[in-house]
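Before any comments, here is the structure.
The values are calculated or read from the model by the stated rules, or taken from the named source; none is laboratory data. Because the structure is a prediction, the values reported are computed rather than measured. For neighbour counting, all protein chains shown are included, and Cβ atoms are generated from backbone atoms with ideal geometry for every residue, glycine included. Accessible surface is based on the protein model in full, side chains and every heavy atom, while ligands, DNA and RNA are left aside. Shrake-Rupley method; radii C 1.70, N 1.55, O 1.52, S 1.80 Å.
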Amino acid sequence: MPRIIDGLDDGGLWPADPGAAATVQERLAGRVRTEPLDLGGVSLVAGLDVSYAPGDTALVAAAVVMDPATLEVVDSAVAATEPRFPYVPGLFAFRELPSLLKALEGLGTEPDAYVCDGFGLAHPRRFGLACHLGVLLDRPVLGAAKSAFVGRAEAPGPERGSWTPLLDGGEVVGRSLRTRAGVKPVFVSVGHRVDLDSACELLLRLTPRYRIPEPIRRADRLSRDRLAEASAAKG
DNA sequence: GCGACAG
DNA sequence: ATCTTGTCGC
């Protein structure tokens, strides 16, 4: 259901080489908007993730749509493809976005916001996966990463909900957020049409029990299961 | 030059 | 990301 907005064509997702990919990011970075998101208007949230087969021989991208109030799954879709871009730190979107967009095409619903497994503005060119997806769809997107990439953050307080700024070159590019007491924090950053306060508030709503936000956990499980089924079918 | 480096 | 057993703890 969601689609790339008019004027962006293929979203610059098929660069000839890493140098061209970085140029695409620099060109599109100016389109990112940071603004408050009215959580009252968010009734459908999509979580995205990708699983890979050993040797990069196959991948499955998954999108799981949930009601943030009940955390009930209302829709989901997958896309089984092959990697067409290597994993290069800083160019993550060129590896995952084509397949994720294909999965989104299979949804029967229109999510109000998206949660990516990775970074947004906390990126060398301030244009991580969450920004790229947000700009292509022109929808609210936030990034939630499990480990650091750029910048540094002090350890947040031990209780759920406490956070510290993620700083890169004196610039606030995200937050280190404790989603659960006693576990390692998650790194939150703005992708598009959301600000850090809204992003953290939404993320905490989506993370009632485990460290990882529920939509991403579900997408991770779905993509992993589908990948296993596919490889089992082949032998 | 060397190490670090989202998934 | 993926390869991998048992094990400590709620």
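Comparison of A:LEU8, A:LEU28, A:LEU59, A:LEU48 shows that the only residue that is of a type in the set (A, V, I, L, M, F, W, C) and in contact with a His (Cβ under 9 Å, 6 or more places away or on another chain) is A:LEU28. One residue stands out among those in the range A:25-39 that are surrounded by 14 or more Cβ atoms within 10 Å (Cβ to Cβ) and not in a loop (DSSP other than H, G, I, E, B): the one that is farthest from DNA strand B (Cβ to nearest atom), which is A:LEU39. The residues in the range A:200-226 that are within 16 Å of DNA strand B (Cβ to nearest atom), among the hydrophobic types (A, V, I, L, M, F, W, C) and open to solvent by 20 Å² or more (accessible area, probe 1.4 Å) can be counted, and the count is 2.
Scanning the range A:107-126 for residues that are within 12 Å of the chain's Cα centre (by Cα), closer than 13 Å to A:LEU28 by Cβ and open to solvent by less than 30 Å² (accessible area, probe 1.4 Å) turns up just one, A:GLY120. Of the strands (runs of 3 or more DSSP E) that lie entirely inside the range A:129-180, those containing 3 or more residues that are within 12 Å of DNA strand B (Cβ to nearest atom) span A:141-145. Residues in the range A:165-199 that are among the hydroxyl-bearing types (Ser, Thr, Tyr) and surrounded by 24 or more Cβ atoms within 10 Å (Cβ to Cβ): A:THR179, A:SER189.
In the set (1) away from DNA strand C (no atom under 16 Å from the Cβ); (2) part of a strand (DSSP E or B), the condition left unmet by A:VAL50 is number (1). Residues that are away from DNA strand B (no atom under 11 Å from the Cβ), aliphatic (A, V, I, L, M) and either free of Cβ contacts under 8 Å to residues at least 60 places away in the same chain or in contact with a helix residue (DSSP H, G or I) (Cβ under 6 Å, 6 or more places away or on another chain) (or both) within the range A:40-52 comprise just one, A:VAL45. Look through the range A:56-81, keep the residues that are outside any strand (DSSP E or B) and within 14 Å of DNA strand C (Cβ to nearest atom), and return whichever of them is nearest to A:PHE149 (Cα to Cα). Only one residue fits best here, namely A:ASP56. Exactly one residue among A:ASP56, A:ASP67 is charged (D, E, K, R), within 15 Å of DNA strand B (Cβ to nearest atom) and under 30 Å from A:ALA228 (Cβ atoms), and that residue is A:ASP56.
The number of residues in the range A:59-90 being touching a strand residue (DSSP E or B) at 6+ places or on another chain (Cβ under 7 Å), open to solvent by 50 Å² or more (accessible area, probe 1.4 Å) and farther than 19 Å from A:GLU105 by Cβ comes to 1.
From the list A:ARG221, A:ARG217, A:ARG205, which one is in contact (Cβ under 8 Å) with a residue 40 or more places away in the chain and within 15 Å of DNA strand C (Cβ to nearest atom)? Spell out how you get there, then give the answer.
Working: A:ARG221 fails: in contact (Cβ under 8 Å) with a residue 40 or more places away in the chain; A:ARG205 fails: within 15 Å of DNA strand C (Cβ to nearest atom).
Every option except A:ARG217 fails the conditions.
Contact map, the range A:102-122: first residue within 16 Å of DNA strand C (Cβ to nearest atom), second residue in a loop (DSSP other than H, G, I, E, B), Cβ cut-off under 7 Å, separation 6 or more or different chains; pairs are A:VAL115/A:LEU206; A:VAL115/A:PRO213; A:GLY118/A:GLY128; A:PHE119/A:GLY128; A:PHE119/A:PHE149. Taking the numbered list (1) over 22 Å from A:THR34 (Cα atoms); (2) crowded, with 17+ Cβ neighbours inside 10 Å in turn, A:LEU136 passes all entries but (1).
Is it the case that A:GLY161 is farther than 15 Å from A:ALA63 by Cβ, away from DNA strand C (no atom under 16 Å from the Cβ) and touching a residue at least 24 places away in the same chain (Cβ under 8 Å)? Steps first, answer last, please.
Values: farther than 15 Å from A:ALA63 by Cβ: yes; away from DNA strand C (no atom under 16 Å from the Cβ): yes; touching a residue at least 24 places away in the same chain (Cβ under 8 Å): yes.
So A:GLY161 fits the description; yes.
Restricting to the range A:181-219, name every residue that is assigned to a strand (DSSP E or B) and of a type outside the set (A, V, I, L, M, F, W, C). Correct list: A:SER189, A:GLY191, A:HIS192.
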